[in-house]
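Notes for the one structure printed next.
The values are calculated or read from the model by the stated rules, or taken from the named source; none is laboratory data. Only a predicted model underlies this, so the values are computations on that prediction, with no experimental measurement involved. Note that we place each Cβ from the backbone using ideal geometry, even for glycine, and neighbour counts take in every protein chain shown.
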Amino acid sequence: MFRIFITFTLLINLGLSLIFNISAMKSSLLTNDLDCHTLSNYHEVQVTHAHLDLAVDFSNRTLSGSVTLSFSRISEANQLILDTKYLEVKEVLDQFGNNLKFKFLEKDELLGVPLSIQLNDSTQSVKIFYATTDKSEALDWLSAEQTAGKEFPFMYTQGQSIFTRTWIPIQDTPGIRVTYDADITVPDGMLPVMSASNPQEYNSSNTYHFEMKQSISPYLIALAVGNLAFKAIDDRTGVYAEPSMLSSCADELIDMGKMVDAAEELYGGYDWGRFDVIVLPPSFPFGGMENPRLTFATPTIIAGDRSLVSLIAHELAHSWSGNLVTNANWNDFWLNEGFTVYFERRIMEALYGKDYTDMLALLGFQDLQADLSSLAPEMQKLKLMLKGKHPDDAMSDIAYEKGYFFLRMLEENLGRENMDSFLKNYFNDHKFQTITTEKFLVYLEKNLLDGKREELLIDDWIFGAGLPSNCPKVISNRFLQAENAVSLFLKKGPKKIADLTSTWSTHEWLHFIKHLPENISTKQLEKLDDEFQLSSNGNAEILCVWFLQSIKADYQPAFEPMKQFLIKIGRRKFLQPIYEELAKNPEHKIWAKGVYKKARSNYHYVSFNTIDGILN
Ligand code: BES
Ligand code: ZN
């Protein structure tokens, strides 16, 4: 009897602990999956479609009108909670035009103010009347003087990572996908374009209709408005830009169509219809942004020699990694960017060869090493824990380059053919879905690793800081030559390297300038400058590394061109290292603050927020 009792309690305990473990597992899965950068209740009621009806008002610098959201109910919840930040909400109606009660919940400094809308059993959609404010972080409003044409103002949005909530009340998490359509009204002489089907010509009504019929995450909803013109490259690719820049932009991006072909060849059909690029004014804070069907790009890639088009390959690659298969939350950001850098370099290799692409990979490796020596161990992991932090803090070369080298390591160990069919299936099996690192790992183990998870140090790569010992080594012959040129220049002067440099691309120049010795004198910089006119170089990448060397050596002739550069260009990747370098020396810092006074109003929030942090 006693034995039976013991067995009985043992069984119960076993059962209880099993149940307990399963529920613990479930909740840990859930907390892993859930996005800590949204205050919405997307796990209860999920937005599925957005209809925007907005007027673009340049004199008040606002977007105003309405958004109508359809949703599906996952639980019994009787409220829809949306993310908002710096929005004015006027009224909320249901599909019959009846008023719905709404209230703002508690504000979070970083994430904004959740908007709760009461739902009735019959509520199928909510129409929110709202306007943006002068604080809306997504929006950049440019005066006519800040454009190339100087005649019309300009505006654009930047949604990634958590800025869409500052121009649309929505569940602003990559964990959901929505389709959208929009009616956008603009002033005379201006054309709106979106991450959707786009007009190629002006109409007389000033209202334009847009459709995005494939589901995307809200950070990819995007709008730009300006005096724009369109030029086709081929029948599915083309360029939007201000008229005065259009032909140089189209010429620079002439290979876009070939890039799409190469990408399809690698990892399967392009699913989005058209692939167009808009070249924005110089305040755009990023190099590029992969808004579906319409990549947004900085004008600093228009170098005149097509040497910076890997950026287009990158944004194109996001049409698969990021836009089709999307990181479920910003802790998994490397799934977007690491895969995209790998894919980008495969496109570049297909078009321009391995030698060329190895230069890009080696430059990437150098950037990675710089980040590894400056970032805290917590931030050196592919899988991040960003709760309480702005997701843009994850935008380091860890996600991009460590992610790239991880995939390249898989390729080198498991074979390119296996890698390619794995990736093709990965995109196909997860298309129009979101994915976490943990789910990716399960898929990877099942479909590629062949029992080698430990041997290949997979968990060190993903959950550990630093670089595992099996990180691939890149050798670039063309860079070895640039290194030789450094020694030759130091021994014999700039004339002696003129022959060598005459065949160089931007990338050899970058490598050369970065490898000048720490203690280089102003005299030597002057000689280089006299021979090669580096301070007035038209290539922003070259200018940026040249300015960094000039600050270190206090080479004064570069300071006036640097000032002009800082006032004109708003791309954070260039601004951040320059201001950081300037801030190291008290005199330079005073100078930098003076420049920043003039420059700040030319920057998007993303950039001035970073530079404020450096100079104050
Ligand atoms: N999606 C990113 C831009 C981004 C990342 C915006 C994180 C906001 C938060 C885009 O695809 C990108 O990576 N752009 C790079 C260019 C690329 C060639 C590495 C950039 O802007 O420098
Ligand atoms: Zn990217």
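Quick check: is even one residue across segment 584-600 under 20 Å from residue 304 (Cα atoms) and in the same structural domain as residue 510 (by TED's automatic domain parsing)?
Checked against the condition, which is being under 20 Å from residue 304 (Cα atoms) and in the same structural domain as residue 510 (by TED's automatic domain parsing), segment 584-600 yields no hits at all.
Filter segment 322-342 down to the residues that are near ligand 2 (Cβ under 10 Å from one of its atoms) and part of a helix (DSSP H, G or I), then identify the one that is farthest from residue 218 (Cα to Cα).
Here the residue is 341.
Among the candidates 330, 272, which residue alone is within 11 Å of ligand 1 (Cβ to nearest atom), of a type in the set (Phe, Trp, Tyr) and not assigned by TED's automatic domain parsing to the domain that holds residue 600?
Step by step, each of 330, 272 is checked, and only 330 is within 11 Å of ligand 1 (Cβ to nearest atom), of a type in the set (Phe, Trp, Tyr) and not assigned by TED's automatic domain parsing to the domain that holds residue 600.
Give the number of residues within segment 286-308 that are more than 12 Å from the chain's Cα centre (by Cα), assigned to a loop (DSSP other than H, G, I, E, B) and near ligand 1 (Cβ under 10 Å from one of its atoms).
Selection size over segment 286-308: 2.
Starting from segment 565-589, take each residue that is in a loop (DSSP other than H, G, I, E, B) and list its partners that are basic (Lys, Arg), counting only C-beta distances under 9 angstrom and pairs at least six apart or across chains.
Going by the 9 Å Cβ cut-off, the qualifying pairs are 584/552.
Determine whether segment 104-114 contains at least one residue that is small (Gly, Ala, Ser) and free of Cβ contacts under 8 Å to residues at least 60 places away in the same chain.
No, segment 104-114 has no match at all.
Quick grid of which residues meet (1) within 19 Å of the chain's Cα centre (by Cα); (2) crowded, with 16+ Cβ neighbours inside 10 Å; (3) of a type in the set (Gly, Ala, Ser):
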residue: 396; (1), (2), (3): yes, yes, yes
residue: 411; (1), (2), (3): no, yes, no
residue: 416; (1), (2), (3): no, no, no
residue: 419; (1), (2), (3): no, yes, no
residue: 422; (1), (2), (3): no, yes, no
residue: 428; (1), (2), (3): no, no, no
residue: 431; (1), (2), (3): no, no, no
residue: 434; (1), (2), (3): yes, yes, no
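Does any residue of segment 347-360 turn out to be within 17 Å of the chain's Cα centre (by Cα), surrounded by 24 or more Cβ atoms within 10 Å (Cβ to Cβ) and of a type in the set (A, V, I, L, M)?
No, segment 347-360 contains no residue that is within 17 Å of the chain's Cα centre (by Cα), surrounded by 24 or more Cβ atoms within 10 Å (Cβ to Cβ) and of a type in the set (A, V, I, L, M).
Residue-wise test of (1) of a type outside the set (Asp, Glu); (2) surrounded by fewer than 16 Cβ atoms within 10 Å (Cβ to Cβ); (3) modelled with pLDDT under 95.
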residue: 454; (1), (2), (3): no, yes, no
residue: 463; (1), (2), (3): yes, yes, no
residue: 474; (1), (2), (3): yes, no, no
residue: 477; (1), (2), (3): yes, yes, yes
residue: 485; (1), (2), (3): yes, no, no
residue: 510; (1), (2), (3): yes, no, no
residue: 521; (1), (2), (3): yes, yes, no
residue: 536; (1), (2), (3): yes, yes, no
residue: 539; (1), (2), (3): yes, no, no
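Say whether the condition of being more than 16 Å from ligand 1 (Cβ to nearest atom), in the same structural domain as residue 343 (by TED's automatic domain parsing) and farther than 24 Å from residue 329 by Cβ is met by at least one residue in segment 362-370.
The answer is yes, given that some residue of segment 362-370 is more than 16 Å from ligand 1 (Cβ to nearest atom), in the same structural domain as residue 343 (by TED's automatic domain parsing) and farther than 24 Å from residue 329 by Cβ.
Only one residue in 374, 421, 396 is more than 12 Å from ligand 2 (Cβ to nearest atom), among the hydroxyl-bearing types (Ser, Thr, Tyr) and closer than 22 Å to residue 459 by Cβ, so which one is that?
396
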